[in-house]
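Engineer: Structure in structure tokens, see below.
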Amino acid sequence: MVPCKYKRIILKLSGEALAGDKGFGIDPEVVESIAHQIKDIKSQTEGLEIGIVVGGGNIWRGLAGSAKGMDRATADYMGMLATVMNSLALQDALEECGVDTRVQTAIEMRQVAEPYIRRRAIRHLEKGRVVIFAAGTGNPYFSTDTTAALRAAEIEADIILMAKRNADGVYDSDPRNNPDAKMFKELEHKEVLQRGLGVMDSTATSLCMDNKIPIIVFSIDEPGNILKAVLGHDIGTIVGGTKRDS
């Protein structure tokens with residue numbers, strides 16, 4: 001067992017991360033791969049507590065629905081339900097590989113998951129269970145990035161790990177369009193806001209800044225990167241934190 005740099009983390013997964021190369025829906029092989037990475041983290045680190053927030057963009061995006069004339073609140077609630085579907089898929093994969101997991105939802109649906117209760121979530125974490133926070137904040141107009149920041153503040157997480165597809169960190173411009181784009185190794189929350197960098201939305205970034213929660217942005221495309229981030233290795237971009245080990 002390796003001593004861990006952190007005691008409690010929030011792992012933020014985009015919905016697209018669960019879709020794999022398909023780009024839409026849930027790819028069981030990808031979900032299984034992520035579950036095994038999380039199992040490896042639990043088995044190789046000592047005392048690490050893991051909370052997870054999953055997006056829903058692989059199934060439904062509230063903003064996209066709103067842009068096509070749908071009521072924004074309704075579209076956002078549909079997006080919250082998409083995160084529940086992703087969370088249940090991830091829970092199933094984790095428990096299939098022996099990781100005790102609970103899903104807590106911000107919108108009550110007792111037949112499929114527990115309601116989100118902060119003290120209960122912390123107790124699950126203390127008992128070594130992985131807790132997946134679903135249904136966003138339970139309110140429209142807030143992203144799952146904001147959910148990650150809010151839950152991190154509520155459970156007093158040490159850091160947020162932002163696992164991205166097709167991105168290995170934060171760049172000064174889009175590397176897909178600019179071959180000369182440069183990746184930042186370290187940033188402050190205020191710099192992210194001032195430069196308009198796409199780490200998180202501004203609400204989530206401000207919440208992290210106000211509560212002094214660092215963020216690591218890294219690629220999930222390479223297996224083992226979640227463990228490297230947990231151990232403090234020098235991967236991706238760190239926002240509002242200290243220098244990592246190489």
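Engineer: Take the chain, mark every one of the chymotrypsin sites (Phe, Trp or Tyr not before Pro) that falls in a DSSP loop and has at most 16 other Cβ within 10 Å, then report the longest stretch left between them, sites excluded.
Structural biologist: Longest gap between qualifying sites, sites excluded: 25-140.
Engineer: Turning to a different aspect of this structure: Looking at region 1-78, which trypsin sites (Lys or Arg not before Pro) are DSSP coil and have at most 16 other C-beta atoms within 10 Å of their C-beta?
Structural biologist: Values: sites: Lys5, Lys7, Arg8, Lys12, Lys22, Lys39, Lys42, Arg61, Lys68, Arg72; in loops: Lys5, Lys7, Arg61, Lys68.
The qualifying sites are Lys7, Lys68.
Engineer: Using the Karplus curve 6.51 cos²θ - 1.76 cosθ + 1.60 with θ = phi - 60°, what ³J(HN,Hα) values do you get for each residue of region 157-165, in whole Hz, with x for Gly and Pro?
Structural biologist: 5, 7, 6, 10, 9, 8, 8, 10, 8
Engineer: Using R₀ = 25 Å, calculate the FRET efficiency as 1/(1 + (r/R₀)^6) where r is the Cβ-Cβ separation of Glu156 and Asp100; round to 0.05. All intermediate terms of the calculation are to be shown ahead of the outcome.
Structural biologist: Values: r = 21 Å, r/R0 = 0.85.
Working from the Cβ atoms, E equals 0.75.
Engineer: Here's a follow-up. Positive end of the charge dipole of the chain (Lys, Arg +1 and Asp, Glu -1 on Cβ, about the Cα centre): tell me which of Ser173, Pro223, Asn139 has its Cα farthest that way.
Structural biologist: Asn139
Engineer: Also, I was wondering about something else. Taking R0 as 35 Å, what FRET efficiency do you get between Arg118 and Asp201 from their Cβ-Cβ distance, rounded to the nearest 0.05? Write out the running numbers ahead of the final one.
Structural biologist: On the way: r = 23 Å, r/R0 = 0.65.
Step by step, r from the Cβ atoms, then E = 0.95.
Engineer: Next question. I'd like the trypsin sites (Lys or Arg not before Pro) in region 160-205 restricted to DSSP loop residues with at most 15 other Cβ atoms within 10 Å, sorted by number.
Structural biologist: Arg176, Lys182, Lys185
Engineer: Which whole-number percentage describes the relative contact order of the chain, with Cα contacts under 8 Å and a sequence gap of 6 or more?
Structural biologist: 21
Engineer: Could you work out the helix-only [θ] at 222 nm for the chain, with each DSSP H run of four or more residues adding -39,500 (n - 2.57) and the total divided by the number of residues, to the nearest 500 deg cm²/dmol?
Structural biologist: -11500 deg cm²/dmol
Engineer: Oh, and also: Gly57's amide H: which non-local residues (gap 5+, or another chain) put their own amide H closer than 5 Å, with H modeled 1.01 Å from N in plane and none for Pro or chain starts?
Structural biologist: Gly15, Glu16
Engineer: Here's another thing I want to ask about it. When the Debye formula is applied to the Cα atoms of region 1-80, each taken as the same point scatterer, what base-10 log of I(q)/I(0) results at q = 0.12, 0.16 Å⁻¹?
Structural biologist: For region 1-80 at q = 0.12, 0.16 Å⁻¹, log10 I(q)/I(0) is -0.48, -0.71.
Engineer: Right, something else. What residues have an amide H closer than 5 Å to that of Ile52, excluding those fewer than 5 places away on the same chain, when H is modeled at 1.01 Å from N in the peptide plane?
Structural biologist: Leu11, Val131, Ile132, Phe133
Engineer: Let me ask you something else. For the chain, what is the percent of antiparallel DSSP beta bridges, rounded to the nearest 5?
Structural biologist: 15
Engineer: When a/c reaches 1.5 or more, the comparison of a/b and b/c decides; with that in mind, is region 97-198 rounded, prolate or oblate per its Cα gyration tensor?
Structural biologist: Prolate, since a/c reaches 1.5 and a/b exceeds b/c.
Engineer: Which loop GluC sites (Glu not before Pro) in region 38-103, with loop taken from DSSP, have no more than 15 other Cβ atoms within 10 angstrom of their Cβ? Provide the component values of the computation, followed by the final result.
Structural biologist: On the way: sites: Glu46, Glu49, Glu95, Glu96; in loops: none.
Passing sites in region 38-103 do not exist.
Engineer: For the pairs Lys7/Lys212; Lys12/Lys190; Lys7/Lys164; Lys12/Lys127; Lys42/Lys185, note any where the Cα-Cα span goes beyond 24 Å.
Structural biologist: Result: Lys42/Lys185 exceed 24 Å.
Engineer: Continuing with the same structure: Just order 120-127, 98-105 by mean Cβ neighbour count inside 10 Å, highest at the front, would you?
Structural biologist: The peptides rank, most packed first, as 98-105, 120-127.
Engineer: May I ask you to evaluate 6.51 cos²θ - 1.76 cosθ + 1.60, the Karplus curve with θ = phi - 60°, for each residue of region 224-229 and list the ³J(HN,Hα) values in order in whole Hz, giving x for glycine and proline?
Structural biologist: Karplus-based 3J(HN,Hα) across region 224-229 equals x, 5, 4, 4, 4, 5 Hz.
Read the figures in this text as sums done on the coordinates, not as results from a lab. Here the structure is a predicted model, which means the values were calculated and not measured. Backbone-built Cβ (ideal geometry, glycine too); neighbour counts: all protein chains shown.
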